[in-house]
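The values are calculated or read from the model by the stated rules, or taken from the named source; none is laboratory data. Everything numeric here is computed off the predicted structure, so don't read it as measured data. Backbone-built Cβ (ideal geometry, glycine too); neighbour counts: all protein chains shown.
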């Protein structure tokens, strides 16, 4: 009985210490992307507004999206979004703070299925 009690106490202590020493777990999976047509046309193509929301308490920086096949007829400010043909860097690599959003616009026939693929987490 003593061994069982001691084991339970040790497990409890480990869980408490581990839980209090770790920041909330965040990843690029906490980034949600919502798009809608703004109503404007650019070269006869609809303009799309993209809103990226960080659903975690921690900030995320160096946010990269899968951008294979992404096209636009409207130049996007490179401080907002840069593409190398494979990935897009959001917000010039700067923070999207916890529970805040970031947005940009582009223009193409259809919306592009942006998908977060990586980010760096910073929590204090």
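For residue 24, which of the numbered conditions (1) closer than 24 Å to residue 123 by Cα; (2) modelled with pLDDT of 95 or more; (3) surrounded by fewer than 18 Cβ atoms within 10 Å (Cβ to Cβ) fails to hold?
For residue 24, the exception is condition (2).
Among the residues of the stretch 81-90, what is the count of those that are buried (at least 19 other Cβ atoms within 10 Å of the Cβ) and outside any strand (DSSP E or B)?
Count: 0.
If you take the residues of the stretch 102-124 that are surrounded by fewer than 16 Cβ atoms within 10 Å (Cβ to Cβ) and closer than 20 Å to residue 40 by Cβ, which of them is nearest to the chain's Cα centre (by Cα)? Let's see the steps before the verdict.
Within the stretch 102-124, the subset surrounded by fewer than 16 Cβ atoms within 10 Å (Cβ to Cβ) is 103, 109-111, 113, 115, 117-118, 120, 122-124.
Restricting the remaining residues to those that are closer than 20 Å to residue 40 by Cβ gives 103, 109-111.
Details: 103: 12, 109: 24, 110: 22, 111: 18 Å.
Step by step, filter the stretch 102-124, then rank; the result is 103.
Any residue at all in the stretch 35-42 that's surrounded by 12 or more Cβ atoms within 10 Å (Cβ to Cβ), at pLDDT 95 or above and more than 15 Å from residue 105 (Cα to Cα)?
no
Residue 62 - would you say it is over 18 Å from residue 115 (Cβ atoms) and either surrounded by 13 or more Cβ atoms within 10 Å (Cβ to Cβ) or without any contact (Cβ under 8 Å) to a residue 40 or more places away in the chain (or both)? Outline the logic, then answer.
Working: over 18 Å from residue 115 (Cβ atoms): no; either surrounded by 13 or more Cβ atoms within 10 Å (Cβ to Cβ) or without any contact (Cβ under 8 Å) to a residue 40 or more places away in the chain (or both): yes.
It is false that residue 62 is over 18 Å from residue 115 (Cβ atoms) and either surrounded by 13 or more Cβ atoms within 10 Å (Cβ to Cβ) or without any contact (Cβ under 8 Å) to a residue 40 or more places away in the chain (or both).
Which residue pairs have Cβ atoms closer than 9 Å, lie 6 or more positions apart in sequence or on different chains, and pair a first residue in the stretch 102-122 that is on the phi > 0 side of the Ramachandran plot and free of Cβ contacts under 8 Å to residues at least 24 places away in the same chain with a second residue that is surrounded by fewer than 15 Cβ atoms within 10 Å (Cβ to Cβ) and in a strand (DSSP E or B)?
Pairs that qualify, where the first residue is on the phi > 0 side of the Ramachandran plot and free of Cβ contacts under 8 Å to residues at least 24 places away in the same chain and the partner is surrounded by fewer than 15 Cβ atoms within 10 Å (Cβ to Cβ) and in a strand (DSSP E or B): there are none.
Restricting attention to the stretch 93-106, does a residue exist that is assigned to a strand (DSSP E or B), out of contact with any strand residue (DSSP E or B) (no Cβ under 7 Å at 6 or more places or on another chain) and either at pLDDT 95 or above or over 25 Å from residue 119 (Cβ atoms) (or both)?
Let us first name the residues in the stretch 93-106 that are assigned to a strand (DSSP E or B), namely 96, 101-106.
After this cut, where a residue has to be out of contact with any strand residue (DSSP E or B) (no Cβ under 7 Å at 6 or more places or on another chain) as well, the list is none.
No, the stretch 93-106 contains no residue that is assigned to a strand (DSSP E or B), out of contact with any strand residue (DSSP E or B) (no Cβ under 7 Å at 6 or more places or on another chain) and either at pLDDT 95 or above or over 25 Å from residue 119 (Cβ atoms) (or both).
Given the residues 87, 53, 82, which is the only one that is over 22 Å from residue 29 (Cβ atoms) and touching a strand residue (DSSP E or B) at 6+ places or on another chain (Cβ under 7 Å)?
On the way: 87 fails: over 22 Å from residue 29 (Cβ atoms); 53 fails: over 22 Å from residue 29 (Cβ atoms).
Result of the check over 87, 53, 82: 82.
Within the bounds of the stretch 68-80, is there any residue that is in contact (Cβ under 8 Å) with a residue 60 or more places away in the chain and assigned to a loop (DSSP other than H, G, I, E, B)? Outline the logic, then answer.
The first filter runs over the stretch 68-80 and keeps only residues in contact (Cβ under 8 Å) with a residue 60 or more places away in the chain, leaving none.
No; the residues of the stretch 68-80 include none that is in contact (Cβ under 8 Å) with a residue 60 or more places away in the chain and assigned to a loop (DSSP other than H, G, I, E, B).
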